[in-house]
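Heads up: the structure comes next, in structure tokens.
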Amino acid sequence: MSVKWGYSLNAWDHEENSVRKDRNERTFKTISAAGFTGVELIVGSGRWCPLGRPGNIKYIYGDADDFNRYLKKTVAIDQLITWDYDPGAIAVEEDTLGRDPSDPAQHDGIVEATEKYVAFLAAVDSKFLVVRPMLSWWKVDPVTEEKIKKAADCWNKVGKMASSYGLKILLRVDWMCAANSMSAIDILMAETDPATVGLCINTGELTMVGIDPIALYQKYMPRTGLFQFKDVRVTDTLEEYKQPFAEDIKKNGGKRKIDRWFWEMGHNEKPGLVDFAGLMRAIRAGGYDGWIVVESDQSPDPAASVLYNSWYIQNVLNKV
Amino acid sequence: MNAIKYSYMDHWFMHSPQGLTKPGVRREFVEYYIRQISALSFKGLDIFFFDIQKYARMFGSFRNFVKFLQDNGLEKVVGFFASAYADAKSTNAFLPESHDNIYRQFEQYCAGTEDTGVENIILMPAPTYYQCEPMTDEKIRILADLWNRVGEMTLNKFGIKITCHHEFWCGLRDEDAILKFYEWTDPRYVFFFLDTAQHVIAGVDPIKLYMKLHDRTAGFHLKDTHSIAGPEDYRTPPDAELMVEDVPRWFYEIGTPEGLCDFPRLYQCIKEYGYKGWISIEHDKAEIGGGNFSESTANAMWYITNVLSKIYK
């Protein structure tokens, strides 16, 4: 049983730091030098997302084998862990402005879209694809049990497809997502096939809406296939995720003008709300054998965040 | 146990609510910085002479600062940078009557480190070139006398070596002047500190120079450059590192594709001479043009781990 540490590229979200191959190479080397052995990519669309789609990777690195070789030989990264896929995001290559997993008529499109990622991941020996299980809360409003069950059905279909490649689908609930409650997660877990659909636990996103990641893990230990670690200093106590275009809050700070919602782990002077040491104890006790991906979205200095998070892992979490 | 331990030569700038800043303005920033270099397995820190008192104030004493470093995974401050000057009469290195003042200055710097195991003073042994020219043998001998005297004191009284570091724009910059300086200084008290990029910019092969001075060598700054200096660049007043018109940034971290320093060859050489001790990683001015110290430092350590350490570690 062992924990492996990976890093998400979701903090490198500006065309200055995420498009050119040489820039991305510096990012990969930063992550590697800090001791992380895997990377998580974010699904994207368009020519400015070179790592967001297998088709874009093909232009720059080649096919899955070529990219795998690039990671291992050129930048010393062992594993592409997964992509993080949001079905509601625009995908010009698929001629869609986003698809709704709660709408059965759109399930085939989601299966077709995810299969490209699953096939690529299978070729690099990855074990799962992370997906956002539902659209943003305000888009689904009213959020009903029926809509959640239909979304679960969607992921069962995707899971069945993925299982033919030897992969699982992991549902990652975030702050803004329509499934951002324990009751919704319970429905998703109950309605999906444990053989093909599991859970990805994102500490910061769940804490933002009052879900305890430790309790969630202990409840769904056998279903948990991935952790994503990041911290928060405040939570969405005003439930601003319910307002139209709620995603804007991440940048404009919402009514309280919060400059930055997500933080690195381990700040002493301004400690965050996630109990990472407690979660690590639970993870060790649970015998978790897999990846923990660290995220630093919203960091003004992603490279600094990588190193700071690495220090906390080496000096605190790895000693739990 | 590895022969080499890595130290970080501080030039760090970081983002703050007030824009780019040095970490030393706020203890929280210092922690944010030190933990980053610790995460990359650096065990030492090199600072500037003026940081000794700054950190002593921030942490209550210099010893407390070193304890803070140790709490965060480093071992100690390995060296501090200082320089010869020719600006004010009382500290003009070319005026023998000023040498007592300079001697006392260095005595105070060393005392400020509170016996915490600092090993080197990384010294620019001559003022900036435009303040030295014409550089003569007589001037080199004056500098040699000064640093012999200061070096004897710092080593015998504090256990700290004077190690001389030759900027491409300092008075001792070409190979002929550098070799004369080491010929006329006492090998017991004055040591050589090789800065790869500075020599390459000055048109001096750092590896050949190291081969000639390996028995005087007490440390290294590994950094790279993408440019060789033009014929008059080194004379640019007041600061050739920042003000040469056609080179906005001289220094880069080791391992960039455009780099001109041959680090694998240097490591072969270091291996052959069996050097044991600290090597400092430096990339001053990395912020110029939007560069990032965290990323540069991580990429430098990536290059050490994946390239240089396979030659010698």
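Quick check on my filter: what residues within segment A:94-136 are charged (D, E, K, R) and in contact with a helix residue (DSSP H, G or I) (Cβ under 9 Å, 6 or more places away or on another chain)?
Residues satisfying the conditions are A:E94, A:R99, A:D100, A:D103, A:D108, A:E112, A:E115, A:K116, A:D125, A:K127.
Counting only residues that are touching a Lys or Arg at 6+ places or on another chain (Cβ under 7 Å) and at pLDDT 95 or above, which one in segment A:13-42 is surrounded by the fewest Cβ atoms within 10 Å (Cβ to Cβ)?
A:T37
Of the residues in segment A:46-69, how many are assigned to a loop (DSSP other than H, G, I, E, B), modelled with pLDDT of 95 or more and surrounded by 17 or more Cβ atoms within 10 Å (Cβ to Cβ)?
4
Closer than 22 Å to A:I185 by Cβ and in contact with a Ser or Thr (Cβ under 9 Å, 6 or more places away or on another chain): which single residue out of A:T235, A:T224 fits that description?
Answer to the check: A:T235.
Please go through segment B:299-309 and pick out each residue that is at the interface with chain A (Cβ under 9 Å from one of its Cβ atoms) and more than 19 Å from the chain's Cα centre (by Cα).
Hits for segment B:299-309 are B:N299, B:W302, B:Y303, B:T305, B:N306.
Out of the residues in segment A:1-42 that are hydrophobic (A, V, I, L, M, F, W, C) and more than 13 Å from every other protein chain (Cβ to nearest Cβ), which is nearest to B:S294 (Cα to Cα)?
Filtering segment A:1-42 for residues that are hydrophobic (A, V, I, L, M, F, W, C) and more than 13 Å from every other protein chain (Cβ to nearest Cβ), the one nearest to B:S294 (Cα to Cα) comes out as A:L9.
Answer with yes or no whether A:Y217 is in contact (Cβ under 8 Å) with a residue 60 or more places away in the chain, over 26 Å from A:H14 (Cα atoms) and either touching a Leu at 6+ places or on another chain (Cβ under 7 Å) or away from chain B (no Cβ under 14 Å) (or both).
Yes: the conditions hold for A:Y217.
Are there any pairs with C-beta distances below 7 angstrom linking a residue in segment B:109-128 that is over 20 Å from B:H165 (Cβ atoms) to a residue that is assigned to a loop (DSSP other than H, G, I, E, B), with the two at least 6 apart or on different chains, and if so which?
Once the first residue is over 20 Å from B:H165 (Cβ atoms) and sits in segment B:109-128, its partners that are assigned to a loop (DSSP other than H, G, I, E, B) give B:E114/B:S61.
When only residues in segment B:257-290 that are within 14 Å of another protein chain (Cβ to nearest Cβ) and closer than 23 Å to B:G44 by Cα count, which is farthest from the chain's Cα centre (by Cα)?
Per the stated criteria, the residue is B:E287.
Filtering segment A:251-265 down to residues that are at pLDDT 95 or above, part of a helix (DSSP H, G or I) and among the charged types (D, E, K, R), which residue is nearest to A:Q314 (Cα to Cα)?
Filtering first and then ranking leaves A:R256.
Are any residues in segment A:176-191 charged (D, E, K, R) and either touching a Pro at 6+ places or on another chain (Cβ under 9 Å) or closer than 17 Å to A:Q218 by Cβ (or both), and if so, which ones?
Listed by number, the list holds a single entry, A:D186.
Would it be correct to say that A:K116 is free of Cβ contacts under 8 Å to residues at least 24 places away in the same chain, assigned to a helix (DSSP H, G or I) and open to solvent by 30 Å² or more (accessible area, probe 1.4 Å)?
When the stated conditions are applied, A:K116 does not pass them.
From (1) of a type in the set (K, R); (2) within 14 Å of chain B (Cβ to nearest Cβ); (3) assigned to a loop (DSSP other than H, G, I, E, B), pick out the condition that doesn't hold for A:K72.
(3)
Which pairs do you get when a residue that is more than 16 Å from B:F168 (Cβ to Cβ) and modelled with pLDDT of 95 or more, found in segment B:199-214, comes within reach of a residue that is of a type outside the set (V, I, T) and open to solvent by 20 Å² or more (accessible area, probe 1.4 Å), reach meaning Cβ atoms under 6 angstrom, with the pair 6+ apart or on two chains?
Within 6 Å, the pairs are B:I207/B:R265; B:H214/B:Y273.
Which one is least open to solvent (accessible area, probe 1.4 Å) among residues in segment A:285-318 that are away from chain B (no Cβ under 12 Å) and free of Cβ contacts under 8 Å to residues at least 60 places away in the same chain?
Checked segment A:285-318; the qualifying residue least open to solvent (accessible area, probe 1.4 Å) is A:L317.
Can you find a residue that is surrounded by 20 or more Cβ atoms within 10 Å (Cβ to Cβ) and more than 23 Å from B:T236 (Cα to Cα) anywhere in segment B:123-141?
Looking for residues that are surrounded by 20 or more Cβ atoms within 10 Å (Cβ to Cβ) and more than 23 Å from B:T236 (Cα to Cα), one finds none in segment B:123-141, hence no.
Within segment A:271-283, count every residue that is touching a strand residue (DSSP E or B) at 6+ places or on another chain (Cβ under 8 Å) and of a type outside the set (A, V, I, L, M).
2
Please state which one of A:K160, A:K127 is of a type in the set (D, E, K, R) and surrounded by 16 or more Cβ atoms within 10 Å (Cβ to Cβ).
Only one candidate qualifies: A:K127.
When you go through B:E183, B:E245, B:E241 one by one, which is the residue that is farther than 19 Å from B:N120 by Cα, at pLDDT below 95 and over 19 Å from the mean Cα position of the chain (by Cα)?
Sole residue among the options that is farther than 19 Å from B:N120 by Cα, at pLDDT below 95 and over 19 Å from the mean Cα position of the chain (by Cα): B:E245.
Quick check: anything in segment A:47-65 more than 22 Å from the chain's Cα centre (by Cα) and either among the hydrophobic types (A, V, I, L, M, F, W, C) or within 14 Å of chain B (Cβ to nearest Cβ) (or both)?
Scanning segment A:47-65, I find at least one residue that is more than 22 Å from the chain's Cα centre (by Cα) and either among the hydrophobic types (A, V, I, L, M, F, W, C) or within 14 Å of chain B (Cβ to nearest Cβ) (or both), so the answer is yes.
Report, ordered by the first and then the second residue, all pairs with beta carbons closer than 7 Å, sequence separation of six or more or different chains, a first member in segment B:35-56 that is within 18 Å of B:I121 (Cα to Cα) and away from chain A (no Cβ under 14 Å), and a second member that is open to solvent by less than 10 Å² (accessible area, probe 1.4 Å) and polar (S, T, N, Q).
From residues that are within 18 Å of B:I121 (Cα to Cα) and away from chain A (no Cβ under 14 Å), the pairs are B:G44/B:S7; B:L45/B:S7; B:D46/B:S7; B:D46/B:S280; B:I52/B:T113.
Could you list, in sequence order, all residues of segment B:111-134 that are within 13 Å of the chain's Cα centre (by Cα) and of a type in the set (A, V, I, L, M, F, W, C)?
B:I121, B:I122, B:L123, B:M124
Taking the criterion of being open to solvent by less than 10 Å² (accessible area, probe 1.4 Å) and either within 14 Å of another protein chain (Cβ to nearest Cβ) or part of a helix (DSSP H, G or I) (or both), would at least one residue in segment A:82-98 satisfy it?
For segment A:82-98, residues open to solvent by less than 10 Å² (accessible area, probe 1.4 Å) and either within 14 Å of another protein chain (Cβ to nearest Cβ) or part of a helix (DSSP H, G or I) (or both): absent.
The values are calculated or read from the model by the stated rules, or taken from the named source; none is laboratory data. All values derive from a computational prediction rather than experimental measurement. Cβ coordinates were reconstructed from backbone atoms using ideal geometry, including for glycine residues, and neighbour counts include every protein chain displayed. Quick note on the areas: whole protein, heavy atoms, side chains included, nothing else; ligands and nucleic acids left out. Shrake-Rupley method; radii C 1.70, N 1.55, O 1.52, S 1.80 Å.
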